[in-house]
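A.B. asks: Could you have a look at this structure, given as structure tokens, before my questions?
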Amino acid sequence: MLDLISIEYIKLKNNSSFWIILVFYMLISFYVVGKADSLPTGSDVFANPLQFPMIWLTSTYCASFLVLFPSILIILNIGNEFKYKTAKQHVIDGLSKTTFILSKFISVCLIATIITIYVILLSLFLGWQSGGEVQDFFGEQFSFIAGFYIQLIGVLSFAFFISILFKRTGISIVVFVGYYFIEVILYYLIFEDSPIRDYLPLEVFNSLTFSPIKDNLDSFSGLSIPEFKLSLNWFSAAIGAIYIAICLSLSILIFNRRDV
Amino acid sequence: MDTILKIDSLTKKYPSLFAVSQLSLSIDKGSVFGLLGPNGSGKTTTLGIILGVTSATSGNFSWFGKNNSSSDRKKIGALLETPNFYSYLSAKSNLKISAKIKGVDYKDIDRVAEIVNLKDRLNDKFKTYSLGMKQRLAIAAALLGKPEVLVLDEPTNGLDPQGIAEIRTVIQNISKIGVTIILASHALDEVEKVCSHVCVIKKGKSLIQGNVNDVLVGENLIEVASSEKEKLKELATTFSGFKTLKEENYYLLVTLQDSSSSIEFSKYLITNNIIITHFVKRTKSLEEFFLETTKDA
């Protein structure tokens, strides 16, 4: 296990596109989250989305919008293994096909962990700057960090599965982005009146982070003020975990059945 | 003698053809086994199967007399088709990854780099390497952890003569320390120079196999040249063991009868006072060889 982590670490550490995309993601998410307080806010309770504990919702929600960047990172990372035929070489050198997939999944977890830690630090920094009270640091809303982590691993697992399936970076990116449109069509047209639509994979993952702004806007419009989401919907989180398991299992299955 | 690898009626069927068909062979510990065949004859497919990257349609194989498991491959060093490394990583980082997979200490990296003469270039990125260096790095990676078996697929393919000579020296040095080597090649002279045993395959079928001297040396072929070409021709045709003669660019290709030897022929020429500038006993060219073997099959 430790060996597999250090293998993935060597591959990522020296990969310039990894650093470029990661730093780009970090800068943009810092900018986007930092600008969140310029959006209209209406709630009396949480006047400022950058204050504790609302910052946890704001930062995870904004950062999750930019999930395409780490997804491309995963697609490039997996694509490299096929491009350089190192997937094949790893099997020749003595990894079982299943272990190879698991070792690549470590990359998914590594990238998700790095980004989540970054979002925590970012939230602490911005929250502290906005003059939050110490006792509000880790309120119930901190659970959205867990939601964000699951969402990140989930979306990255989906990108992971697609890149194992299609091998080539270009095709994988097109299919991955294309699926977003497919799910929009499924959500709004095909399953319009069906509860199924709430269980579509990306919808499940999206429900794990929640916009404070959206609620405020709803209250603005004079409609019934929705019950404010104070903590993560753990049921959605469990469904998300099931989707992650499916992506990983299918990847293992496909890779085992294929000549490398 | 211990059997390192046993292959039993191995078959790989693709939709339109049999890449490997009912191939059986057995490789003894310490031998240098050549898998000889033209391009597309099923050599790489066979190696891919025994290295776990290609699935067989039917048939079995077994390493070290055991049931196969992926961890057995950690005792096998292999280079299949092309050197497979991350171009953006240094050679050293690439070797570290291989070492981690095989569970070998990083200390071994310097040793294998020394063997393939790449120690000074270890910190350079793989993409800056020449083809020969890439090939040598792949052999270095295969040597990590002192494997019992080395599987090399066309290790000199695409190299210049110097590169070919270097790789051959490396292979010969490795076989001297008792490592079993399985070498796939389409070059007859390569197999002849380094192998102790050979299996000739074509269209996935084994045509002939056995000790390299028994299989490859079937005919008395001699290349001979002299500045007095006409005299040489006349002498050759009047030699008692003469069979056929063919004029090549700068030498004559003389085939002797089976009962006759090259030594006798050489003596005969010397006693007839002709100065010989070139005298080589050679085996059949691959082309001739294959035409002959496939005709028999």
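The values are calculated or read from the model by the stated rules, or taken from the named source; none is laboratory data. All values derive from a computational prediction rather than experimental measurement. Here the Cβ positions follow ideal geometry from the backbone for every residue, glycine too, while neighbour counts run over all protein chains shown. Protein only, heavy atoms only, side chains kept; ligands, DNA and RNA dropped before computing areas. Shrake-Rupley method; radii C 1.70, N 1.55, O 1.52, S 1.80 Å.
A.B. asks: B:Ile182 versus (1) closer than 23 Å to B:Ser26 by Cα; (2) assigned to a helix (DSSP H, G or I): which is the lone unmet condition?
C.D. replies: If we test B:Ile182 against (1) closer than 23 Å to B:Ser26 by Cα; (2) assigned to a helix (DSSP H, G or I), just (2) comes out false.
A.B. asks: Starting from region B:128-156, take each residue that is on the phi > 0 side of the Ramachandran plot and within 12 Å of another protein chain (Cβ to nearest Cβ) and list its partners that are open to solvent by less than 10 Å² (accessible area, probe 1.4 Å) and outside any loop (DSSP other than H, G, I, E, B), counting only C-beta distances under 8 angstrom and pairs at least six apart or across chains.
C.D. replies: Filtered contacts from region B:128-156: B:Gly145/B:Gly77; B:Gly145/B:Ala99.
A.B. asks: Can you name every residue in region B:99-138 that is open to solvent by 10 Å² or more (accessible area, probe 1.4 Å) and among the small types (Gly, Ala, Ser)?
C.D. replies: B:Gly103, B:Ser130, B:Gly132
A.B. asks: With the structure loaded, tell me whether A:Ile101 is part of a helix (DSSP H, G or I) and either in contact (Cβ under 8 Å) with a residue 40 or more places away in the chain or within 7 Å of chain B (Cβ to nearest Cβ) (or both) or whether it fails that test.
C.D. replies: Taking the combined requirement at face value, the residue satisfies it.
A.B. asks: Quick check on my filter: what residues within region B:229-275 are part of a strand (DSSP E or B) and open to solvent by less than 50 Å² (accessible area, probe 1.4 Å)?
C.D. replies: Those that are part of a strand (DSSP E or B) and open to solvent by less than 50 Å² (accessible area, probe 1.4 Å): B:Phe242, B:Leu252, B:Leu253, B:Val254, B:Thr255, B:Leu256.
This table checks each residue for (1) surrounded by 22 or more Cβ atoms within 10 Å (Cβ to Cβ); (2) in contact with a Lys or Arg (Cβ under 7 Å, 6 or more places away or on another chain); (3) on the phi < 0 side of the Ramachandran plot; (4) part of a helix (DSSP H, G or I).
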residue: A:Leu4; (1), (2), (3), (4): no, no, yes, yes
residue: A:Tyr9; (1), (2), (3), (4): no, no, yes, yes
residue: A:Phe18; (1), (2), (3), (4): no, no, yes, yes
residue: A:Leu22; (1), (2), (3), (4): no, no, yes, yes
residue: A:Leu27; (1), (2), (3), (4): no, no, yes, yes
residue: A:Val33; (1), (2), (3), (4): yes, no, yes, yes
residue: A:Thr60; (1), (2), (3), (4): yes, no, yes, yes
residue: A:Phe69; (1), (2), (3), (4): no, no, yes, yes
residue: A:Leu95; (1), (2), (3), (4): yes, no, yes, no
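A.B. asks: May I ask you to say which residue of B:Leu36, B:Leu23, B:Leu51, B:Leu10 is open to solvent by less than 40 Å² (accessible area, probe 1.4 Å), touching a helix residue (DSSP H, G or I) at 6+ places or on another chain (Cβ under 7 Å) and within 14 Å of chain A (Cβ to nearest Cβ)?
C.D. replies: Every option except B:Leu51 fails the conditions.
A.B. asks: In the set A:Gln151, A:Gln89, A:Gln51, which member is polar (S, T, N, Q) and within 22 Å of A:Ser38 (Cα to Cα)?
C.D. replies: After applying the criteria, what remains is A:Gln51.
A.B. asks: Being out of contact with any Leu (no Cβ under 7 Å at 6 or more places or on another chain) and at positive phi is the requirement here; does B:Gly42 meet it?
C.D. replies: So B:Gly42 passes the test.
A.B. asks: Looking at B:Ser71, B:Ser93, which one is open to solvent by 40 Å² or more (accessible area, probe 1.4 Å), closer than 30 Å to A:Asn80 by Cβ, within 14 Å of another protein chain (Cβ to nearest Cβ) and among the polar types (S, T, N, Q)?
C.D. replies: Every option except B:Ser71 fails the conditions.
A.B. asks: Could you pull out every one of the helices (runs of 4 or more DSSP H) wholly within region B:73-169 that has 3 or more residues that are farther than 22 Å from B:Ile182 by Cα?
C.D. replies: By residue number, B:91-102, B:108-115.
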